[in-house]
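Worksheet: one structure, shown below.
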Amino acid sequence: MLISCRYFFYIIVQMKRGDTLGSLEYVILLALMRLNGVGHGTLVRQEIERCTGRDISIGAIYATLERLEQKGYVSSCIGESTAMRGGRAKRLFRVEAEGKRALQISSQTIRDLTRGLRKRWQAI
Amino acid sequence: MKSTNSRPPMLASWLVQSVLPADHGAAMVGDLIEEYYERCESTSPASASWWFWSQACRSIPSITKMSLLRHDRLGSASIAMSVFVVMATLKVVVEQVLSASHVLTDSKQIVLAPMIFLATTSIAGCIARLIRRGATLFLALFVLVAVIVLISIRVCTIPVPWWYELTFLILGPSSVLITPALIWAIHSER
């Protein structure tokens, strides 16, 4: 009961800070971190597909990246354009310090909540 | 590369770019084209085209929401509403003039109504795009809502089959988005 209350207030504090990450935000930030913190839409999409097998649409990736940019977790800049891209420039996304912090908090939350669940999973 | 002649589906590219703001639109279509050529190498152009179309179609709900929620949405919505009111008034005037001249029978009216509607929505889409790129999406939304309202209050007194009304529902918002996208794409290619 005490632990539940602790987590409840923990989540409230996080929500006030705006540090809570949605599941897709969490996955995309992790993919960007796996790309050494910088990448464009295609790389992020392919990294997620390679690691998880989830085929996420490029539109969902961009919509989430835009949301993360508004929260200050990532920043973006225009990269080079190549003939392979029909002359269109890349939009490169970089994970910012705030994004790393939010990622650490979310990872810690998941670690804390999944601790001790192994036996229950085996029972299922 | 297996096939250097293969080109990414242009209509799908235009569709994505017409919904998105300029900066994101170019980058996203660039990403799709990049992966399209990678897939042409690893699979086949037909499979890559299928993938491109599926990505474009699946992306539209997310990017529509993203475009509508951008910070300049109030300005874009106001422009779209102004264009909508002007073009709707113009359409009503044209229809009144035609019906006053008594040259229109019911059958002629059934044929002419979609043409006038398509021309009006296409012109409105181009005007909105000319003023502000993001306004076309709001205009498409307004047209969709207007058509739904007109169908539900049964404004059409002539008996028509269900698919006739459905045509307005699909073609209205589509023409608002696709016509300016096509014109601007052809213009930029020149």
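Using 0.36 nm per residue and subtracting the Cα-Cα separation, the extra length available between B:ILE170 and B:ILE183 on full extension is 2.7 nm. Here the contact order of chain B, divided by its residue count and restricted to Cα pairs under 8 Å and six or more residues apart, works out to 27 percent.
Near B:MET115, once Lys and Arg are set to +1 and Asp and Glu to -1 for all other residues with Cβ below 13 Å from its Cβ, the sum equals +1. Taken along the Cα-to-beta-carbon direction at a fixed 7 Å, the label points for B:ALA119 and A:ARG115 span 7.3 nm.
In terms of its C-alpha gyration tensor, the protein assembly as shown comes out prolate, because a/c is 1.5 or above and the ratio a/b outweighs b/c. Please compute, over every Cα-Cα pair in chain B, the percentage with a separation greater than 25 angstrom. Tail fraction, whole percent: 45. Screening chain B for whole DSSP H helices with an alpha carbon extent of at least 18 angstrom along the helix axis and a mean Kyte-Doolittle hydropathy of at least -1.0 yields B:22-42, B:45-68, B:73-100, B:106-131, B:135-152, B:162-189.
Residue-wise HN-Hα couplings along region A:71-87, as the Karplus relation 6.51 cos²θ - 1.76 cosθ + 1.60 with θ = phi - 60° gives them from phi, are 7, x, 7, 9, 10, 9, 9, 7, x, 7, 10, 10, 5, 5, 10, x, x Hz; Gly and Pro carry x. Computed over chain B with a Gaussian network model linking Cα atoms closer than 10 Å, the most mobile of B:PRO45, B:PRO180, B:PRO159 is B:PRO159. With a 10 Å cut-off around each Cβ of A:40-51, the average count of Cβ atoms from other chains is 3. Placing R0 at 51 angstrom, the Cβ-Cβ distance between A:VAL38 and B:ILE153 gives a FRET efficiency of 0.40 after rounding to 0.05.
Rule-based calculations on the coordinates, nothing more; no lab input. Quantities reported herein were computed from a predicted structural model and do not represent experimental measurements. FYI the Cβ positions are ideal-geometry reconstructions off the backbone, even for glycines, and counts take in every protein chain you see.
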